[in-house]
Amino acid sequence: MLTLDNVTKVFRKNDKNFVAVEDLSFNINKGEIFGLIGTNGAGKTTTMRMIATTLKPTYGQINVCGFDSVKDDANVRKCIGVLYGGDTGLYDRLTARENIEYFGRLNGLNDDAINKQIEYLSEVFGLKGYLDRRCGSFSRGMKQKTSFARAIIHNPQVMLFDEPTAGLDILASEEVIDFIKQCKKLGKTILLSSHNMQEVEELCDRALIIDHGKTLCSGTLENILQQTNTNSIKEAFIKIIKKD
Amino acid sequence: MKNKFFNQFSIVLKKELKDAFRDKKSIFATFILPLILFPIFFVIIGMSSNSITDKAINPKLTIVTTGTESSLSVNSQEYKYFEENIFSISDDLKVNYVECENFKDALINGDIYLALIIEENFLNNINDVTKSVNIQVIYDDRSTSGNTTASVIVEVLNAYSDALLQDRVEELDPDISMTPVVGSSLSLSQAFDDIQRYGTDSTILLLIIPMLLTMLISIGGASIATDLVAGEKERNTFEPLLSTGASRFSILSAKYAVIIIFSFLSAIAEVLSILISMLVTKDMFATSAFSSLYLPFSGVILVVLNLLMLAALFSGLLLILTSTSNTLKEAQSKSTVIMFLPMIIAFATMYTDVTDISLWSMCLPIYNVVISIKLLLAGVMNYAYLWGALAINVIYAILSVFVTVKTFSKESLITK
Ligand SMILES: Nc1ncnc2c1ncn2[C@@H]1O[C@H](COP(=O)(O)OP(=O)(O)OP(=O)(O)O)[C@@H](O)[C@H]1O
Ligand SMILES: [Mg+2]
């Protein structure tokens with residue numbers, strides 16, 4: 001469903017080359033949740049951006065749902081839903097419904113399909129009472145849930161979640177995690193980046209540990225634990241990063 | 001493919017317009033404020049010019065004999081003579097006579113606008129046909145009222161002198177003509193009715209409208225432009241937008257169109273507000289300016305096309321500015337810089353004579369548009385200039401679009 005082949009991203013920073021992602025390869029199968037774990041600046045967001053086609057890989061190829069991310073970028077964007085973590089942005093002067101509708105239309109949905117999806121997603125995220133209120137007054141959690149609905153309004157096959165629970169309280173995080181589990185049940189292909197190892201343990205089938213753009217370790221969670229001879233992903237992560 | 005583009009274009013355009021019109025602050029600044037400010041501006045100008053004429057026809061003045069400092073009394077023979085014979089020549093003039101100890105101090109302090117210095121034996125000399133009487137007018141040149149009062153009084157003195165002369169000549173021989181030469185002038189269109197006079201001769205229209213229209217068309221979209229990309233970046237909505245199925249090009253085009261729409265809307269709002277204020281203040285030029293305003297259709301079309309190209313040029317520039325800024329603040333300070341450009345260039349055209357335009361000015365963006373509007377409004381249909389300016393403005397617009405597309409396809413667009 002999602003394949004990265006020897007992907008490298010080089011930025012030019014103050015006239016020097018800076019390698020943000022180096023020779024990264026992995027693939028994610030349908031219905032699988034794949035974790036991308038790394039410290040700040042490891043290259044997680046850069047990877048997500050390359051898959052979402054807003055950045056082009058300097059070397060290597062990315063294939064999403066059979067489309068090449070460079071040659072067929074518009075089709076790639078149609079079959080992915082991206083949620084950028086941290087401080088998610090909504091149009092404050094538009095209502096939650098208008099925000100979600102906007103992205104639905106841009107992804108080529110007709111009004112009927114949009115209304116059905118909004119009905120469904122607002123049920124799942126408990127957005128019902130808020131749909132027709134302007135987003136400017138929303139709490140962080142409400143915003144994140146609206147962004148979530150907006151990102152997947154077109155029911156994409158592949159979902160990219162970049163630190164989806166960053167800045168959320170426990171209850172809101174729990175809702176998000178539950179939703180990701182539901183997506184998996186629906187057979188979606190999910191790439192999840194996170195700092196939260198508990199979250200990774202709870203959700204991911206496989207994971208990849210990345211640091212300074214380099215792949216340090218990858219495989220199923222059990223695999224990683226075995227390789228590092230540890231009992232938890234948190235321990236494994238610290239051990240691997242420190243050794244490097 | 002084409003269909004898809006227009007579809008995405010209109011989705012983004014609709015959303016941006018809805019979003020913009022919900023932004024009360026920017027709507028207020030772009031449309032409501034000028035609608036209020038211009039009428040106020042005109043009323044104030046009208047009031048102050050009225051008060052100047054008021055003061056000129058009710059001048060505060062005094063009369064002093066040469067060599068002395070203090071005024072003649074209001075009951076003096078001399079003042080009586082002035083009041084009955086000289087000041088009465090003008091029906092409007094109502095002198096406000098001020099007696100003062102020291103006329104110089106009174107002038108400096110602004111107690112009076114002017115002092116009339118007369119000779120000691122003024123009353124004798126004025127009735128002596130062999131003599132010429134000197135009257136010196138010392139006025140306060142620091143104030144507009146002083147200046148106008150002085151010219152009003154000198155005019156009255158001259159008129160009195162003419163009247164005296166006429167009396168004296170008539171006494172000698174009543175058949176001598178008092179107006180041996182009479183000059184009068186007629187404008188081209190007054191002289192020949194077969195000349196179609198285009199345009200207007202209202203100076204305010206000729207001076208203000210071309211400058212204002214050009215400035216607003218160039219930068220009227222600035223405030224919305226900063227919001228369109230830098231604002232989206234600041235609020236973290238830009239990257240999600242670029243990650244949707246829509247193409248970058250359709251998003252860019254829609255944002256481009258929004259800026260052009262706003263610059264035209266703000267220009268229309270300003271022109272409307274000027275027209276409204278002229279009508280409201282019943283300005284002397286308003287009625288005559290409009291009754292005589294006749295513009296040839298082809299000229300109007302050429303000017304509108306020139307304006308459109310200018311809008312395209314500046315919308316591109318503004319989009320580039322906002323796209324290369326990461327925060328609203330940054331975009332705003334960049335656009336402040338660009339705002340001075342049209343202002344300075346537009347002001348440079350202030351004293352350009354429409355019948356004597358150098359061709360090289362055709363190549364100057366902004367400048368050539370102000371001149372084009374001036375030509376149209378003044379009724380000088382210099383089609384070579386209008387077409388030439390249009391051709392050059394098309395080139396600028398294409399360049400601007402090209403650079404904008406380049407900027408928008410850069411990767412650095414999304415990163416902060
Ligand atoms: N456009 C860019 N130009 C130059 N350097 C960049 C650019 N984008 C990212 N980088 C650098 O690449 C590295 C990886 O950044 P990235 O945002 O992918 O990290 P991350 O793993 O998402 O970190 P975080 O956990 O903080 O989100 C960082 O050192 C960052 O400074
Ligand atoms: Mg990141």
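Here is how the number arises for chain B: DSSP H runs of 4 or more residues each give -39500 (n - 2.57), the sum is divided by the residue count, and the result at 222 nm is -20000 deg cm²/dmol.
Could you list B:Met362, A:Met50, B:Met350, B:Met343 so that the one with the fewest beta carbons within 10 Å of its beta carbon is first and the one with the most is last?
Values: B:Met362 21, A:Met50 25, B:Met350 10, B:Met343 15.
Lowest count first: B:Met350, B:Met343, B:Met362, A:Met50.
Scan the stretch B:69-165 for GluC sites (Glu not before Pro) in coil per DSSP, keeping those whose Cβ has at most 12 other Cβ atoms within 10 Å, and list them by number. Write down the numbers at each step before the final one.
On the way: sites: B:Glu69, B:Glu78, B:Glu83, B:Glu84, B:Glu99, B:Glu101, B:Glu119, B:Glu120, B:Glu155; in loops: B:Glu69, B:Glu99, B:Glu101, B:Glu119, B:Glu120.
In loop regions of the stretch B:69-165 (DSSP not H, G, I, E or B), the sparsely surrounded GluC sites (Glu not before Pro) are B:Glu101, B:Glu120.
If the limit is 31 Å between Cα atoms, which of A:Lys145/B:Lys4; A:Lys30/B:Lys14; A:Lys44/B:Lys14; A:Lys214/B:Lys334 go over it? Walk me through the numbers on the way to the answer.
Details: A:Lys145/B:Lys4 29 Å; A:Lys30/B:Lys14 36 Å; A:Lys44/B:Lys14 34 Å; A:Lys214/B:Lys334 39 Å.
Over 31 Å Cα-Cα: A:Lys30/B:Lys14; A:Lys44/B:Lys14; A:Lys214/B:Lys334.
Of the chymotrypsin sites (Phe, Trp or Tyr not before Pro) found in the stretch B:293-352, those that fall in a DSSP loop while having at most 15 other beta-carbon atoms within 10 Å are B:Tyr351. With the Kirkwood sum run over all distinct C-alpha pairs, the protein assembly as shown has a hydrodynamic radius of 31.4 Å.
Let me confirm one metric for peptide B:358-370, namely the mean number of other chain beta-carbon atoms within 10 Å of its residues' beta-carbons. Provide the component values of the computation, followed by the final result.
Working: counts 0, 0, 0, 0, 0, 0, 0, 0, 0, 0, 0, 0, 0.
The shielding value for this peptide is 0.
The antiparallel fraction among DSSP beta bridges confined to the protein assembly as shown stands at about 55%.
Sort B:216-224, B:315-323 by packing, meaning the average of other beta carbons within 10 Å per residue, with the highest value first. Kindly include the intermediate steps, with their values, before the conclusion.
On the way: B:216-224: 26.8, B:315-323: 25.2.
Output ranking for B:216-224, B:315-323: B:216-224, B:315-323.
By Kyte-Doolittle mean hydropathy of at least -1.0 and Cα axial length of at least 15 Å, which whole DSSP H helices of chain B are selected?
Details: long enough: B:2-21 (28 Å, -0.42); B:33-57 (36 Å, 1.48); B:144-172 (42 Å, 0.11); B:203-219 (24 Å, 2.66); B:248-280 (47 Å, 1.90); B:297-323 (38 Å, 2.34); B:328-348 (31 Å, 1.02); B:367-378 (16 Å, 1.76); B:383-408 (37 Å, 1.53).
Answer set is B:2-21, B:33-57, B:144-172, B:203-219, B:248-280, B:297-323, B:328-348, B:367-378, B:383-408.
Evaluated at q = 0.11, 0.15 Å⁻¹, a Debye calculation over the C-alpha positions of the stretch A:120-244 (equal weights, vacuum) places log10 I(q)/I(0) at -0.45, -0.76. Per-residue shielding of A:144-153, expressed as the average number of other chain Cβ atoms within 10 Å of the residue Cβ, stands at 1. Result for chain B in a Gaussian network model with C-alpha springs under 10 Å: among B:Ser184, B:Ser151, B:Ser132, the largest mean-square fluctuation is at B:Ser184.
Mind pulling the per residue volume of the convex hull built on the Cα atoms of the stretch B:58-191? Å³ is fine. Please report the intermediate quantities before stating the final value.
Values: hull volume 19.7 nm³, N = 134.
So the per-residue hull volume is 147 Å³.
Please build a GNM for chain A, connecting alpha carbons under 10 Å apart, and tell me which residue among A:Lys16, A:Lys181, A:Lys145 fluctuates the most. Among A:Lys16, A:Lys181, A:Lys145, the largest GNM mean-square fluctuation belongs to A:Lys16. Among B:Met178, A:Met48, the order by Cβ neighbours within 10 angstrom, fewest to most, reads B:Met178, A:Met48. Of all the options B:Lys131, B:Lys24, B:Lys94, the one that moves most in a Gaussian network model of chain B with Cα springs shorter than 10 angstrom is B:Lys131. I need the Debye-formula profile for chain B: one equal scatterer per C-alpha, no solvent, reported as log10 I(q)/I(0) at q = 0.08, 0.09, 0.10 1/Å, two decimals. Cα-only, vacuum Debye calculation for chain B: -0.67, -0.76, -0.84.
Give the Rg/Rh ratio for chain A, taking Rg as the radius of gyration of the Cα atoms and Rh as the Kirkwood radius, to two decimals.
Details: Rg = 18.0 Å, Rh = 18.5 Å.
A ratio of 0.97.
Per residue of A:101-114, other chain Cβ atoms within 10 Å of the residue Cβ number 4 on average. Legend: ranking of residues B:Ile208, B:Ile344 from fewest to most surrounding C-beta atoms inside 10 Å; resulting order B:Ile344, B:Ile208. Could you sort out which of B:Lys255/B:Lys410; A:Lys13/A:Lys78; A:Lys188/A:Lys239; B:Lys18/B:Lys406 sit more than 20 Å apart by Cα distance in this structure? Those over the limit are A:Lys13/A:Lys78; A:Lys188/A:Lys239; B:Lys18/B:Lys406. Please work out the C-alpha center-to-center distance from the stretch A:21-69 to the stretch A:123-140 and express it in whole Å. Using only Cα atoms, the two centres lie 31 Å from each other.
Spatially close Lys pairs in the stretch B:58-191, defined by Cα atoms under 18 Å apart and a spacing of eight or more places or different chains, total 4.
Rounded to the nearest 10 degrees, the angle from helix A:170-185 to the longest Cα principal axis of chain A is 80 degrees.
Working note: 222 nm ellipticity from helices only, DSSP H runs with n ≥ 4, each -39,500 (n - 2.57), summed and divided by the residues of chain A, gives -11500 deg cm²/dmol to the nearest 500.
Readers should treat all values here as calculations from the given coordinates under stated rules, not as data from a laboratory. What you see is a predicted model, and the numbers here were worked out from it, not measured in a lab. No Cβ is skipped: glycine too gets one built from the backbone with ideal geometry, and neighbour counts run over all protein chains shown.
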